[in-house]
Amino acid sequence: MIKRSVFSDLIDHLQNREITMLVGPRQAGKTTLMVGLINELKIKGKQSLYLNLDNEKEKRFFVSQSSLVEKIKGVLGEEKGYVFIDEIQRKEDAGIFIKGIYDMELPYKFVITGSGSIELKEKVYESLAGRKRLFEIYPLSFEEFVNYKTEYKNENKLEDYLDVNKDERRDLLEEYLKFGGYPKIVLSETSEEKNITIEDIYKSFIEKDIQALLRVEKSDIFLDLLRVLASQNGRIINYTELSNTLKLSLPTLKKYLWYLEKTYILEKSSPFFRNVRKEITKSPIMYFIDFGFRNYALGSLGNYEMEKGFVFQNFIFNNLRDLLKHRNIRKDFWRTKQGGEVDIVLDAYPKPIPIEVKYSSLDKLSVSRSLRSFIEKYKPQRAFIVNLSLEERLKVGETQVEALPFFKLSKIIES
C-alpha cells in the first residue's frame with residue numbers, strides 16, 4: 001500500500017465534528033484513503049458505514065434526508081459512529097442535502113469524497129461553509145512516489161538517499177516526469193500497463209467530467225485545447241492566438257480554462273507585479289497537475305525529450321504547491337517587455353523569492369541577466385536556481401543566490 005502524507009491529518013480530523021471532505025482529480029486515491037480510515041476505526045473497535053453513490057443499489061438511500069438517516073440509524077444505532085459517503089457529487093444539490101443532515105446534530109461523524117466537478121466545488125463548498133474542512137487530494141508527490149518505489153527504507157532520510165544515489169535519483173525522476181503520480185499508474189508494473197491506465201484516466205475525465213457534467217458538446221475541440229495547452233506547458237497563454245487557433249470565442253476559451261482548473265487538471269500561475277491592476281490584466285501560465293496526463297494529452301508518452309525542460313519546470317511548480325500547503329504564498333512568474341524572465345516567484349513577505357529552474361547538472365553557479373534584473377529591481381533577500389545536482393551559493397549585492405538540487409527544494413520554504 002502507498003503511504004500518503006495527508007493520512008495522519010485525516011486520522012486526527014476524525015475527532016472533529018466538522019465534515020471531513022476529500023476532493024481532487026479522479027483516481028488520485030480518495031477512496032483508498034477512505035478505506036484506510038475505515039480500517040483504522042475497525043482496529044479501534046469503532047463502527048462505521050460506507051456508502052458509494054456510484055453503486056446503483058445504494059443511491060436509493062439518498063432519495064431524501066430521512067431515508068439516509070434511517071439507513072444510518074439502522075446500521076449504527078443511536079451511538080456515535082462514522083459515516084463515509086463516496087462520490088458525493090453524484091447527488092443533486094449535495095451540499096444542501098448534507099448540510100440538512102449535519103444540522104440535525106446526530107451522533108455521527110461524516111467523511112465525504114468527491115471528484116473535481118464544477119457543481120461540487122462551487123455549490124457544495126458554499127452550502128457547507130463553516131461545517132467542513134477541505135482536504136485536497138492530488139496524485140502522489142515525488143516524495144511519496146520515491147518512498148514507495150524504495151519500499152520506505154529511506155523514509156526518514158530521503159534527501160540523503162537521493163544525494164548519494166545519483167543513478168537511482170535520475171531513474172526515479174525520469175519515471176515520475178514521464179508517467180506522473182496517479183496511484184494506479186505508479187502501482188502498474190510495466191510501461192504497457194501504465195499507458196493503458198493513463199488512457200483510462202484521460203478518457204474517464206473527458207467522458208464523465210467534460211461531456212456529462214459540463215455538457216460540452218464539442219469534445220473534439222476540448223481535446224484540441226488540451227493538446228495545445230500540453231504543448232505550451234510552462235509558457236505564457238496568448239488568449240487571442242489560442243482562440244483563433246481553436247476557432248473558439250474568447251469567453252468560451254476562458255470558460256474552458258476555468259473548467260480545467262476546477263476539475264484539477266490545470267493550475268494557473270499569474271504574472272508577478274506590485275501593481276495589482278496590471279497583474280489581473282496580464283496572461284497566465286498554465287501548469288498540469290499531473291505529468292502523465294499532460295504527456296498523454298500531447299501524445300508524447302513514448303518520446304518527450306524535447307519537452308523535458310518545461311515538464312521539469314512544471315514539476316518544481318507542483319512540488320512548491322505541496323510544500324506551501326496552508327500558506328498564503330502565491331507562485332507567480334516574472335516577465336518584462338525587455339525579455340527578462342524568472343520562472344517562478346514566490347510572493348512572500350516581506351520580500352519575494354525568485355526561482356530559476358534549470359533541467360541540467362550545473363558545473364558552477366552563474367547568475368543570468370534576467371535574474372540579476374529582478375534582484376536589482378526588487379532586492380530579495382534570497383534567490384534560487386533549482387537544478388539537477390549543484391549546490392552552491394554566492395552574493396549579488398545584498399541578495400544571497402543559491403544553486404539548489406531539486407530534491408532539496410524544502411530549503412526554499414525553510415528560508
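The values are calculated or read from the model by the stated rules, or taken from the named source; none is laboratory data. Every value quoted in this text rests on a predicted model; they were computed, and no experiment measured them. Neighbour counts run over all protein chains shown; Cβ positions are idealised from the backbone, glycine included.
Of the numbered conditions (1) in contact with a Gly (Cβ under 8 Å, 6 or more places away or on another chain); (2) not in a helix (DSSP H, G or I), ASN156 satisfies every one except a single condition; which is it?
Only one criterion is unmet by ASN156, namely (1).
Here is a list of conditions, (1) surrounded by 15 or more Cβ atoms within 10 Å (Cβ to Cβ); (2) over 18 Å from the mean Cα position of the chain (by Cα); (3) modelled with pLDDT under 90, and LEU172 meets all of them except one; can you say which number that is?
(3)
Mind listing just one residue for me: the one in the stretch 200-254 that is small (Gly, Ala, Ser) and in contact with a helix residue (DSSP H, G or I) (Cβ under 7 Å, 6 or more places away or on another chain) and, of those, modelled with the lowest pLDDT? Spell out the reasoning first.
To start, the set of residues in the stretch 200-254 that are small (Gly, Ala, Ser) comprises 204, 212, 219, 230-231, 234, 243, 249.
So of that shortlist, the ones also in contact with a helix residue (DSSP H, G or I) (Cβ under 7 Å, 6 or more places away or on another chain) come out as 219, 230-231, 234, 243, 249.
Details: SER219: 70, ALA230: 91, SER231: 89, GLY234: 87, SER243: 94, SER249: 92.
Among them, the one singled out is SER219.
State which residue pairs qualify: first residue over 23 Å from GLN15 (Cα atoms) and inside the stretch 60-88, second residue not in a helix (DSSP H, G or I) and not aromatic (Phe, Trp, Tyr) in any location, beta carbons under 9 Å apart, and separation of 6 or more residues or different chains.
PHE61/LEU51; PHE62/LEU51; PHE62/LEU53; PHE62/ILE85; PHE62/LYS91; GLN65/MET104
Results for (1) on the phi < 0 side of the Ramachandran plot; (2) aromatic (Phe, Trp, Tyr); (3) surrounded by fewer than 17 Cβ atoms within 10 Å (Cβ to Cβ), shown as yes or no for each residue.
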| position | (1), (2), (3) |
| --- | --- |
| TYR349 | yes, yes, yes |
| ASP363 | yes, no, yes |
| GLU402 | yes, no, no |
| GLU414 | yes, no, yes |
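In this structure, does MET1 turn out to be assigned by TED's automatic domain parsing to the domain that holds LEU128 and of a type in the set (A, V, I, L, M)?
So MET1 fails the test.
If you scan the stretch 249-265, which residues turn out to be aliphatic (A, V, I, L, M) and outside any loop (DSSP other than H, G, I, E, B)?
Listed by number, the residues that qualify are LEU250, LEU253, LEU257, LEU260.
So is PHE333 in contact (Cβ under 8 Å) with a residue 40 or more places away in the chain and assigned to a helix (DSSP H, G or I) or not?
no
If you go through the stretch 112-124 one residue at a time, do you hit one that is modelled with pLDDT of 90 or more, of a type outside the set (Phe, Trp, Tyr), over 30 Å from VAL311 (Cβ atoms) and touching a Leu at 6+ places or on another chain (Cβ under 9 Å)?
Yes, the stretch 112-124 contains a residue that is modelled with pLDDT of 90 or more, of a type outside the set (Phe, Trp, Tyr), over 30 Å from VAL311 (Cβ atoms) and touching a Leu at 6+ places or on another chain (Cβ under 9 Å).
With the requirement that a residue be crowded, with 16+ Cβ neighbours inside 10 Å, touching a Lys or Arg at 6+ places or on another chain (Cβ under 8 Å), free of Cβ contacts under 8 Å to residues at least 60 places away in the same chain and polar (S, T, N, Q), what does the stretch 366-392 give you?
The answer is ASN387, and nothing else.
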